[in-house]
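Below is one structure; the comments refer to it alone.
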Amino acid sequence: MTTDPTTASLLRLEVGRLRAQESRRRFEPVVHVGTLGGSHRSCVVPLEDLPVLDAGTRSELIRRLLEHGAPGRPADVWLTRAGEPLVQDEDLAWLAATCRTFAALGEHLLGFWSITRTGWLDVRSGEQRTWKRLRL
């Protein structure tokens, strides 16, 4: 599955936003639910909570973000995090919680991505793009 050009350009913009906002090598991940390049809700996940964050808590967080956004409309979910755009355990844990929550609520998940300072990763397909020098 290849990411369409419009979605790829929106993901590129999200990488640029993250680069502009975050210069630290290690920072708290942020979960976003909504529309890439449009309205969305976000929640910062404190680093100290990551080792003890269980599947139920992740699902509840996704549910609240989805319900306070635009319920009933297809949505994207993306995780901005430190590191490289390679699949990590945290990506898979958030993806599982997201799929479970969307299915339970009868919502349609458009896409699930991890975005880092160097690029983006479609966690479901493994497709990724990276940049050394991103010019927007």
*FRET efficiency, 1/(1 + (r/R0)^6) with R0 30 Å, evaluated for residue 131 and residue 68 via beta carbons*: 0.40
_Hydrodynamic radius of the range 71-136 per Kirkwood, over alpha carbon pairs, in Å_ = 12.6 Å
*May I ask for the net charge around residue 121, where only other residues with Cβ less than 14 Å from the Cβ of residue 121 are counted and Lys, Arg are +1 while Asp, Glu are -1?*
-3
*Using only Cα atoms, locate the centre of the range 80-131 and the centre of the range 17-63, then give the distance between them in Å, rounded to an integer.*
11 Å
*With every protein chain present, what is the per residue accessible area of the chain (1.4 Å probe, Å²)?*
55 Å²
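Out of all DSSP beta bridges with both ends in the chain, state the antiparallel percent to the nearest 5.
Antiparallel: roughly 75 percent of the beta bridges in the chain.
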*Around residue 7, with a cut-off of 15 angstrom between Cβ atoms, what is the net charge of the other residues, counting Lys and Arg +1 and Asp and Glu -1?*
-2
*Give me the percent of the accessible area of the chain that comes from carbon and sulfur atoms, probe 1.4 Å, all protein chains in place.*
52 percent
*What's the Kirkwood radius of the range 21-92 in Å, using all Cα pairs?*
13.2 Å
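The values are calculated or read from the model by the stated rules, or taken from the named source; none is laboratory data. Note that this is a predicted model, so its numbers are computed, not measured. Ideal geometry is used to build each Cβ from the backbone, glycine not excepted, and the neighbour counts take in all protein chains shown. Only protein heavy atoms, including side chains, enter the accessible area calculation; ligands, DNA and RNA are left aside. Shrake-Rupley method; radii C 1.70, N 1.55, O 1.52, S 1.80 Å.
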